[in-house]
Structure formats: C-alpha cells, structure tokens
1. Sort segment 74-141 into rounded, prolate or oblate with this rule: let a ≥ b ≥ c be the square roots of the eigenvalues of the Cα gyration tensor; rounded if a/c is under 1.5, and if a/c is not under 1.5, prolate when a/b is larger than b/c, oblate otherwise.
2. What is the dipole size for the chain, taken about its Cα centre, with +1 at each Lys and Arg Cβ and -1 at each Asp and Glu Cβ, in debye to the nearest 20?
3. Quick one: work out the % antiparallel among DSSP beta bridges in the chain, nearest 5.
4. K206 accessible area, nearest 10 Å², 1.4 Å probe?
5. So with the 1.4 Å probe, I'd like the accessible area per residue for segment 9-112, rounded to whole Å².
6. Could you please state how large a percent of the accessible area of the chain is carbon and sulfur, counting protein chains only and using a 1.4 Å probe?
7. So which GluC sites (Glu not before Pro) in segment 22-82 are both in a DSSP loop and have at most 16 other Cβ atoms within 10 Å of their Cβ?
8. With a 1.4 Å probe and every protein chain left in place, work out the accessible area per residue of segment 156-234 in Å², rounded to a whole number.
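The values are calculated or read from the model by the stated rules, or taken from the named source; none is laboratory data. If you're wondering where the values come from, they're calculated on a predicted model, not measured in any experiment. In this analysis, Cβ positions are derived from the backbone assuming ideal geometry, glycine residues included, and neighbour counts consider all displayed protein chains. Just so you know, the surface numbers come from the protein's heavy atoms only, side chains and all, with ligands and any DNA or RNA stripped out. Shrake-Rupley method; radii C 1.70, N 1.55, O 1.52, S 1.80 Å.
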Amino acid sequence: MNEVKTIQTLAVDIGGSGIKVIVLDETGEPITKRSRVETPDPAKPDPILKEIVSLAAEQGEFDRISVGFPGVVMDGVIKTAANLDSDWIGLNLAAVLSERLGKPVRVANDADIQGLGTIEGKGVELVVTLGTGFGSALFLEGKLVPNLEMGHHPFRKKDTYEEHLGRAALDDIGKKKWNKRLEKAIATLQHLFNCDHIYLGGGNTKKIEFELPTNVKIVPNVNGLLGGIALWKE
C-alpha cells in the first residue's frame, strides 16, 4: 500500500527586524527547525524576496506557502507597509512569491496570523504584537475582523499606539515609561472591546515588567508562524 503524502506548508513571517520561516505539517505542527535572518535595510521587496527564497531552499520540501506581512493585505496585494519600504504598496506578494518558488501562496497580516495560531475561538479575543511596530488582530467567536491595524489609530495626545509603543518609542523613552504606557494601553483596549482574552506577542514582550491582568497573557513568537496553516483552511 502506498503511503499517503501529507501536505507541507512553508510558513513565512516578514517583520521589521527579522524574516523567519518554518515548515508545518497539515495539523500546524513544525517539522523543521525555524530559520531566521535580519530584515534587509532598506527593506525593499527584492532583497526581502531573495532572503525568503534562500531560506526556503534550506527548509527542504513543501507544497504551499503562507506569509505573514506587517501591513494591510487584500487578496495577496500589499496595501500598507508602515515599517518596511513604501515600494511594497501595490505589490501582489502572493503572485510574485508564487512565481519565484513555484508553489501556491496565501498572504495575510502578520498579527492576524499570530492570532490564528493563538486564539481559543471563544468570545472576544484580541491579539497585540509588540515589535518594530504595534500589530493587532481581533476575533469574535474565532472569526477574524481582518486588517484592523489598530496600531495606527489614535491612542494618546493625538499620537498612535505605534508611535507610543513601537520599538522606536521604547528605545527613546526607556523600559520604565514604556511599561507605564503599555499598562494604560491594555486598560484602554479592555474598556474598548470588553475582551475575554488579550494575548501579547512579539519580541518586546520580554521587556514587560508589570503584573498583567488575569485575562492577559504573553504568547510565544513562534505562533506568528504556526498560524500560517489556518490560511489554507476553507
């Protein structure tokens, strides 16, 4: 009897500071080790695409590709790219990457994918990613509200969440003040959405120094890759 081949998905996470890839089985479990490289500077499409192709070659076999991108994505086309180069805007990333790697590609906002790899699927769940920028994804009973991009909404003194809590702000004001801002932001978001759960991801979660509310928890960064399998669930 011939063994049935499982479908393998290359999950790609494009970030403002790093590009990560891993291969997942059909249940979303990793079957390779995660690979990571620094995001090229300037963060234009061609050098980033070259890095993805190079990383993909190291990962072995895969049948399809899921990509998390830090911006608004509609039907595989990049609409915003606040923390990368503006050359991304208007690019059909799904089509371009599919042509380069010869596999079908689906692309979504990176925080949305982090959420898909994290949520329990019950009630109102908010995912916030604290990295180069401020990512967000909102779910109701497991259903995604797409392209929320709350990081670019006003937070305090006419400035946005990202301007107050992105990596540039952290470097500028230091951990103590950044933590005070984050604590206020969490309270504001709790009041705004009446969340059952808030999940915090991204590299800057390791800078958190205050006690989180009982319904708020830090989740692993790898969830930003593991959620990629959900893009292929109809």
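1. Numbers: a/c = 2.69, a/b = 1.58, b/c = 1.70.
Since a/c reaches 1.5 but b/c is at least a/b, the shape of segment 74-141 is classed as oblate.
2. Working: 28 positive and 32 negative charges, 147 e Å.
Here the chain has a charge dipole of around 700 debye.
3. Details: 26 of 44 bridges.
The antiparallel fraction comes to roughly 60 percent.
4. 150 Å²
5. Here the residues of segment 9-112 average 43 Å² of exposed surface.
6. Numbers: 5810 of 11540 Å².
Roughly 50 percent, rounded to a whole number.
7. Values: sites: E26, E38, E51, E58, E61; in loops: E26, E61.
Answer in residue order: E26, E61.
8. Working: 4450 Å² over 79 residues.
Roughly 56 Å² per residue, with all protein chains present.
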